[in-house]
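The values are calculated or read from the model by the stated rules, or taken from the named source; none is laboratory data. Every value quoted in this text rests on a predicted model; they were computed, and no experiment measured them. Here the Cβ positions follow ideal geometry from the backbone for every residue, glycine too, while neighbour counts run over all protein chains shown. Ligands, DNA and RNA are stripped out before the accessible areas are found, and what is left, the full protein with its side chains, is counted by its heavy atoms. Shrake-Rupley method; radii C 1.70, N 1.55, O 1.52, S 1.80 Å.
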Amino acid sequence: MLIAGQVFHPERASDHLEWGWVRLEGGTITQVGKGPAPAKPDLGDDDHCIFPGFLDAHVHLPQFDSIGVAGLELLDWLEQVIFPAEARWEDPAFASDMAERATASLISFGTTGFAAYGSVHSESVREAFASIAARGVRAWFGPALMDRHAPADLCRDADRQIEALASFEPMGRVQPAVTPRFAVSCTPDLLAKAGALACAKNWPIQTHLAETRAELELIREMFDEQPYTEVYDQFGLLTPRSVLGHGIWLSEAERALLARRMSVVAHCPTANRFLEAGAMDRAGLSSAGVRLALGSDVAGGPDRSMVRVARAMIETARARGDIAPTPAQAFRQITLGNAEALGWAKSGRLAPGCEADLVIIRPTIPLHEHPDPLGALLYAWDDRWIEQVIVAGSIEYDHRR
Ligand code: GUN
Ligand code: ZN
């Protein structure tokens, strides 16, 4: 398959689009060139732009039907909105259907890879895992581990949860992830077992860290005044393959610890705004040496589009009075930046040998004379511009269908 248009190359220093073309064979990009396409393209042309598939580093699939309940603080929102929604995943058929719907929805917004949380129900998450794998996306996915501070029907015995998770296996491009929900809903025993399993299997880890002040207060009481980040470190949960959502309320010492462990903080600006959790200090974390990713955090975040999440990242930095990322840096974050954070070496770029995940758009505003085409795309972004989304070489979303 040959695709032509203005190509975004996040690995290049230039912050503009480049006329060119991309050739795919099977699930792989085999050739990339500048200038006119060597033959009549199968997709795209002069009016089109081509991006690497967008990546979402933090999202909750069981929460896709719960977007938009505003006005609650995190812990109340979890109790009143999210736990009842996640309880519906007790039914494996419902879970697998919803995972399929959520994945299709993400793909339609240009997301071709994600790190996602399931519910606590291991067997339902196993079914959902297969649904995700069938769509071809690259993903981390695992049951949200919980054994306290949640309704009884959403708490499970620690050994049972770990044993069930240990029997997961990678499928297609989906990798099991050790996913303790957050230290509030996990006993030290469960956290320790989660850390040990991740170590034994060399699996990635995802959890939440320091999102709200009320959560921080609870952690202080529950863990005897220990700093939040140290709680995770104590149980071996801070590794280079750990992605910690939010990281808003962190001390200098905690930032330094995250940097030493080479763990990743997933910035979730739309969720932080929606749940009024605070404005994350992205620039400060970055200068402390903390690796950063970006996530939609649906349903804490109401927006499924990573382009709008990237825009919120810029707006958050501006509102704080920090030097804000440029549109090119924002597009880089949701492609190559997230790929590097998640350790996905063949994602996030359009280069020979990389996985064939692409978004083909046809913007309806003229870019030719625009002084900042990527700025135009970011700020005027319209999902209706998305014509095709290609996942592992196959057209998984087509606007004509
Ligand atoms: N902290 C623990 N669980 C969650 C969740 O589902 N969403 C968000 N935003 N924060 C959490
Ligand atoms: Zn989250």
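Checking Val120 against (1) surrounded by 24 or more Cβ atoms within 10 Å (Cβ to Cβ); (2) in contact with a helix residue (DSSP H, G or I) (Cβ under 7 Å, 6 or more places away or on another chain); (3) under 23 Å from Leu216 (Cβ atoms), which test does it fail?
In the conditions (1) surrounded by 24 or more Cβ atoms within 10 Å (Cβ to Cβ); (2) in contact with a helix residue (DSSP H, G or I) (Cβ under 7 Å, 6 or more places away or on another chain); (3) under 23 Å from Leu216 (Cβ atoms), Val120 misses (3) alone.
Would you check if Asp357 is over 14 Å from the mean Cα position of the chain (by Cα) and open to solvent by 30 Å² or more (accessible area, probe 1.4 Å)?
no
Quick check on the stretch 319-333. Is at least one of its residues farther than 20 Å from Val59 by Cβ, in a loop (DSSP other than H, G, I, E, B) and of a type in the set (S, T, N, Q)?
yes
Condition check ((1) aromatic (Phe, Trp, Tyr); (2) touching a strand residue (DSSP E or B) at 6+ places or on another chain (Cβ under 7 Å); (3) in contact (Cβ under 8 Å) with a residue 40 or more places away in the chain; (4) more than 16 Å from ligand 2 (Cβ to nearest atom)) across all residues:
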| position | (1), (2), (3), (4) |
| --- | --- |
| His121 | no, no, no, yes |
| Arg126 | no, no, yes, yes |
| Ala166 | no, no, no, yes |
| Gln175 | no, yes, no, yes |
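Mind checking whether some residue in the stretch 255-266 is in a strand (DSSP E or B), in contact (Cβ under 8 Å) with a residue 12 or more places away in the chain and within 14 Å of ligand 1 (Cβ to nearest atom)?
Within the stretch 255-266, one or more residues are in a strand (DSSP E or B), in contact (Cβ under 8 Å) with a residue 12 or more places away in the chain and within 14 Å of ligand 1 (Cβ to nearest atom).
State whether the residues of the stretch 221-228 include one that is in a helix (DSSP H, G or I), out of contact with any Ser or Thr (no Cβ under 8 Å at 6 or more places or on another chain), within 15 Å of ligand 1 (Cβ to nearest atom) and of a type in the set (A, V, I, L, M).
Yes, that holds for at least one residue.
Looking at Ala87, Ala70, Ala57, which is the one that is of a type outside the set (Ser, Thr, Tyr), under 30 Å from Phe182 (Cβ atoms), open to solvent by less than 20 Å² (accessible area, probe 1.4 Å) and touching a residue at least 40 places away in the same chain (Cβ under 8 Å)?
Ala57
Can you tell me how many residues in the stretch 196-229 are away from ligand 2 (no atom under 16 Å from the Cβ), open to solvent by 10 Å² or more (accessible area, probe 1.4 Å) and within 14 Å of Ser242 (Cα to Cα)?
Matching residues across the stretch 196-229 total 6.
Return the residues of the stretch 286-314 that are in a loop (DSSP other than H, G, I, E, B), surrounded by 21 or more Cβ atoms within 10 Å (Cβ to Cβ) and of a type in the set (A, V, I, L, M); say none if nothing qualifies.
Val290, Val298, Ala299
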